[in-house]
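The values are calculated or read from the model by the stated rules, or taken from the named source; none is laboratory data. Note that the coordinates shown come from a computational prediction; the quantities given were computed from them, not determined experimentally. Every residue, glycine as well, gets a Cβ built from its backbone with ideal geometry; the counts of neighbours run over all protein chains shown. Ligands, DNA and RNA are excluded from the accessible area calculation, which covers all protein heavy atoms including side chains. Shrake-Rupley method; radii C 1.70, N 1.55, O 1.52, S 1.80 Å.
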Amino acid sequence: MSEHDTPDSAHGEDPQGPAGDPAAEDPGLLSPSPDDPDAPTDSEERDPGRGYAPGGGRGRVLNFILQGNPLVVTLLSLLVALVVGGLLNAFTNTTVLHAWGDFFSAPGSALSLAWDTAIGAYVEMFEGSIFNPHTVAALFGQASFGTAIRDGYLSAVFNPLSETCVQATPLILAGLAVALPYRAGLFNIGAQSQFIGGALLCTYLGYGVNLPVVIHVVVCVLGGFVGGAAMGWIVGELKARTGAHEVIVTIMLNYVMQYLLAYLLSYHYLMQQPGSSNQITSTIAGNAHLPLLLGSHLRINTGFLIALACALGMWWLMSRTTTGFEFRSIGKNPSAARVAGINVERNWILVMLLAGGLAGLAGSAVIQGTDFSLNFQSYGTYGIDAITVALLGAGRPLGVVLAGLLFGALHAGAPLMQSVTGTPVDMVQVLEAVVVLFVAAPPLIRTIFRLRGAGGVLVVLSKGWNA
């Protein structure tokens, strides 16, 4: 390089810009002149993708929607899922099918019946999970506010939201148990075994140990965490020491814990309730129950606050700590993380231990908050639902909380939907599956609504196990 050469010219770049480009020679050409009649006015905004977006704020909102922002895509996915779920509900109803058999003779009746069936189910689900106007009318029909509180009319107004939170609590905790390892490149499908591990220890401490009121609750909650964490630690330890794949290990542990629970509940000298032939434990002590938040008429309890605290703790761990940075680094590329000096194996053990503890807390929330005893059906489908909630929440704490509340609302509204409209409760599981199907396929939603990202980069929720 000669002394007259500049760094840019040494690399073969023209500091004056590309040849023949007037904008490069005169930067002022990039900005329209005030006298230019085509320049945007005060009510017009520049749209980076499509020129000028007229309408100011309205233009920005329209551009935000058309650009296919992830939030917009998720909301549209839920909308499409509700439409598809309504169609499935309507056209699996025998009365609707019979009416459509006479469509050409009475088309109005067929369409009206299909609409009423689909919308009626959603209305009842909404009233059972969010807000029921009939209870509000009954509340205002009371002589005084004190009478409404004493007779439970005020509690009836908030009961749907209370049930939604109760149903969402174990879903949020179990969803976090899947989302945390997911961020670290692991796929935890063993929330069921970890749930059972936490529930077993929590239940035993609940009826087999006598402790003061506050201490008993805390000990049982910690027992739930420890029981689940032990199961998660086994998975992490096997992966770190032997390279055993976490998916295989967690699947096998689900069966191990399921049959262990059945064995423990089959003999009086183990955990079966004395004097009973059913597979159920003794009821935990009253001072081991999670405290109720809004009085004895509503079931919402401190388990919901524990779930929110765990979500906040996960956010802090992943966003504000060195350990969280190591988890995320391993999730992106474990080989590069190992080269950078991160102990990958130690972090695998730690993340699975924490995940197991979260799933164990889900078991504690069910036993101490609502069931008060452990039976062979206590774990339900939380292990599978946890995967759905974590994927729907994109592995983020806030997303998991919102997904858990959504599914909690579906579960809370299902009984009223079935009793009023005759729609099977299983329809809720179908709707959940449809929601996940569309949320997991952003390109499909972009194409359906002709969003600008339809031909863009494919968004993938899961990059594979340890990819």
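For Ile280, which sequence-distant residues (separation of 5 or more, or a different chain) have an amide H within less than 5 Å of its own amide H, given hydrogens modelled in the peptide plane?
Excluding prolines and chain starts, which carry no amide H, the hits are Gln273.
Count neighbours as other Cβ atoms within 10 Å of each site's Cβ, and list the chymotrypsin sites (Phe, Trp or Tyr not before Pro) in region 107-178 that are DSSP loop with at most 16 such neighbours.
Taking region 107-178 and a limit of 16 other Cβ atoms within 10 Å, the loop chymotrypsin sites (Phe, Trp or Tyr not before Pro) found are Phe131.
Taking all protein chains in place and a 1.4 Å probe, what share, in percent, of the accessible surface of region 341-420 do carbon and sulfur account for?
Whole-percent figure for carbon plus sulfur exposure: 66.
May I have the pair-distance distribution P(r) for region 250-359, computed from all Cα-Cα distances with 5 Å bins from 0 and rounded to whole percent?
2, 9, 11, 12, 12, 14, 14, 10, 8, 5, 2, 0, 0
Using unit Cβ charges (K, R positive; D, E negative) and no other charged atoms, how large, in debye to the nearest 20, is the dipole of region 247-364 about its Cα centre?
With only Lys, Arg, Asp and Glu charged at Cβ, the dipole is about 280 debye.
Below 14 angstrom from the Cβ of His245, what's the summed charge of the other residues (Lys, Arg +1; Asp, Glu -1)?
Net of charged neighbours comes to 0.
Can you give the relative contact order of region 316-403 as a percent, counting alpha carbon pairs under 8 Å and 6+ residues apart?
Reported relative contact order: 11 percent.
Calculated FRET efficiency, Asp116 and Val136, Cβ-Cβ r, R0 35 Å, to nearest 0.05?
Calculated transfer efficiency: 0.90.
Which FRET efficiency value, to the nearest 0.05, is calculated for Trp315 and Ser109 with the Förster distance at 56 angstrom and r the Cβ-Cβ distance?
Approximately 0.60, to the nearest 0.05.
What are the extents of the Cα atoms of region 110-198 along their three principal axes, in Å, largest first?
57, 47, 22
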